[in-house]
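To start, the structure itself, in structure tokens.
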Protein chains: 2
Amino acid sequence: MEGKADVAGKVKDLNGKTRASLLHMAGEVFAEGGFHAATVRDICRRARVNAASINYHFGSKGELYAAVLEYSYAQTLPEFPGALKDRSGPPGERLSLFIRGFMQSVLDEGRPAWYGKLMAREMVEPTSALDRIVDKAIRPRHKFLRELVVELLGYRPADEELSRMAFSIIGQCLFYYHARQVIARLNPSVRYDTRGIGRAAAHIALFSLSALKAISRGKKGG
Amino acid sequence: MEGKADVAGKVKDLNGKTRASLLHMAGEVFAEGGFHAATVRDICRRARVNAASINYHFGSKGELYAAVLEYSYAQTLPEFPGALKDRSGPPGERLSLFIRGFMQSVLDEGRPAWYGKLMAREMVEPTSALDRIVDKAIRPRHKFLRELVVELLGYRPADEELSRMAFSIIGQCLFYYHARQVIARLNPSVRYDTRGIGRAAAHIALFSLSALKAISRGKKGG
DNA sequence: AAGTGTATCAAACATTTGTTTGAACGTCAA
DNA sequence: TTGACGTTCAAACAAATGTTTGATACACTT
């Protein structure tokens, strides 16, 4: 009944055309509307395969979702891990680069890299995959941001306060993703192409660096 | 067939017990999981009424949702409009009060005031009701924030830049709502009771005021 | 008492969801 | 050629969804 799909899935991976097509289209559909809004029929229609293919190749919609996360995470691996450990250059510049890179991965509509979007979606509408995402993707970035904040402040605040600093920075970034429909209505001039993302990232970097600098000064002075 | 429900809805409003019960339970359910995740059967079960009641009293699930938004908005009316026009007191203090009030309305789990949550949900998962919410609730707050930022900066930046300042502030606030599942995993010590909300609000106010002050100084000095 | 309109209910309805089934097709080894 | 295996497909399935229906009970008027 279940052929070789489960066992061989990890062996052949993308050998089969159907399987690869499903993986890509599923990534697209999941990134668009989240896990629940996505339908297997829509995914299969776009992938031009039979509706039963998902269950044959992945077992279920949920396991397909997990496979998409795993796959897209592996795709983005070459991008980040270097940046997440890079300690060269002034910390302010590293923060700017991090913010821009993060926003690109979440907002850029062009390339088929849905991992950022899937990550952002999981925050709002969690599935059983959230724990894995937190451990593999979010926690490393959070830690990276915390250390950067320590450098920028010049001292290490209490644990909770330090987390809040990171939250303040990431919160600004994610707002552009989560509230993009509202932003489009409040200020239609805000664009989401590479230039627009760059402008948003530049503002967030300026805003955050200014805050950290002023807080640092206040702490040292008082 | 459609009796007096549609016509009389606006006349009697909450006279009927069933209608009122539905309105309250629907608000609760919609706030929990959004419009799509909510089911009419769940709402009716909690309200202890028949499953057909929603269509009888409101016409459809969508119109019930609209009615909930309208009702909960009317409930929160007494709270805000004063605050949104208050020009007394130092602007920094007014910003702190705004942030705290906004976060309370979005995060507080105790009271049955779902308007904040529904508003935050509409941003991420918009329905056809978004336009109305933007006009009636979001735009006034956005405008209020912009004017406050102008006061705090001491000058008026370009339109887009000014909007981004407001986005940076609101983005920090909404992160605590949208990413609460992730926050719980990253830093379990962050609480969502009144004290915890107050602490988060205080941090966001400090962070934002520091940023605005430093940016203002930089602009004037350079 | 009869009549009128409102409200509530259990049941059924049509649609959509994820999933399963059984047949058909192709490939390759014996 | 035969038989086994992996793959694809149309069709059907069971469950859940929003909605509709027809009957029944109640309140109030005439």
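The values are calculated or read from the model by the stated rules, or taken from the named source; none is laboratory data. Because the structure is predicted, anything quoted here is derived from the model rather than measured. As a convention, Cβ positions derive from the backbone with ideal geometry for all residues, glycine included, and neighbour counts pool all protein chains shown. All accessible areas refer to the heavy atoms of the entire protein, side chains included, with ligands and DNA or RNA removed. Shrake-Rupley method; radii C 1.70, N 1.55, O 1.52, S 1.80 Å.
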(Q) Suppose we filter A:TYR115, A:TYR73 for residues that are of a type in the set (Phe, Trp, Tyr) and either closer than 20 Å to A:GLN172 by Cα or open to solvent by less than 30 Å² (accessible area, probe 1.4 Å) (or both); which single one remains? (A) A:TYR115
Q: Check whether at least one residue in segment B:29-45 is surrounded by 15 or more Cβ atoms within 10 Å (Cβ to Cβ), near DNA strand C (Cβ under 9 Å from one of its atoms) and not in a loop (DSSP other than H, G, I, E, B), and report yes or no.
A: yes
**Q.** Residues located in segment A:195-220, provided they are over 20 Å from B:SER208 (Cβ atoms) and open to solvent by less than 80 Å² (accessible area, probe 1.4 Å)
**A.** A:GLY196, A:ILE197, A:GLY198
Q.
Among the residues of segment A:159-193, what is the count of those that are open to solvent by less than 50 Å² (accessible area, probe 1.4 Å), part of a helix (DSSP H, G or I) and either within 7 Å of chain B (Cβ to nearest Cβ) or within 18 Å of B:LEU145 (Cβ to Cβ) (or both)?
A. 15
Q) Which of the residues belonging to segment B:50-69 are over 14 Å from B:GLY16 (Cα atoms) and open to solvent by less than 20 Å² (accessible area, probe 1.4 Å)? A) B:LEU64, B:TYR65, B:VAL68, B:LEU69
**Q.** Complete set of residues in segment B:48-78 that are aliphatic (A, V, I, L, M), away from DNA strand C (no atom under 15 Å from the Cβ) and free of Cβ contacts under 8 Å to residues at least 40 places away in the same chain
**A.** B:ALA74, B:LEU77
(Q) Among the residues that make up segment A:79-94, is at least one of them within 14 Å of chain B (Cβ to nearest Cβ), within 16 Å of DNA strand C (Cβ to nearest atom) and part of a helix (DSSP H, G or I)? (A) no
Q.
So for segment A:107-120 (the condition being within 13 Å of chain B (Cβ to nearest Cβ) and of a type in the set (A, V, I, L, M)), does at least one residue qualify?
A. yes
Q. In segment A:126-133, is there at least one residue being closer than 22 Å to B:ARG185 by Cβ, touching a residue at least 60 places away in the same chain (Cβ under 8 Å) and within 8 Å of the chain's Cα centre (by Cα)?
A. no
Q. Any chance segment B:198-220 includes a residue that's at the interface with another protein chain (Cβ under 8 Å from one of its Cβ atoms) and modelled with pLDDT under 95?
A. yes
Q: Might you let me know whether segment A:125-144 holds any residue that is out of contact with any strand residue (DSSP E or B) (no Cβ under 9 Å at 6 or more places or on another chain), acidic (Asp, Glu), assigned to a loop (DSSP other than H, G, I, E, B) and closer than 30 Å to A:ARG41 by Cβ?
A: yes
Q: Please indicate, with yes or no, whether at least one residue in segment B:136-156 is β-branched (Val, Ile, Thr), within 19 Å of B:THR76 (Cα to Cα), open to solvent by less than 30 Å² (accessible area, probe 1.4 Å) and free of Cβ contacts under 8 Å to residues at least 24 places away in the same chain.
A: yes
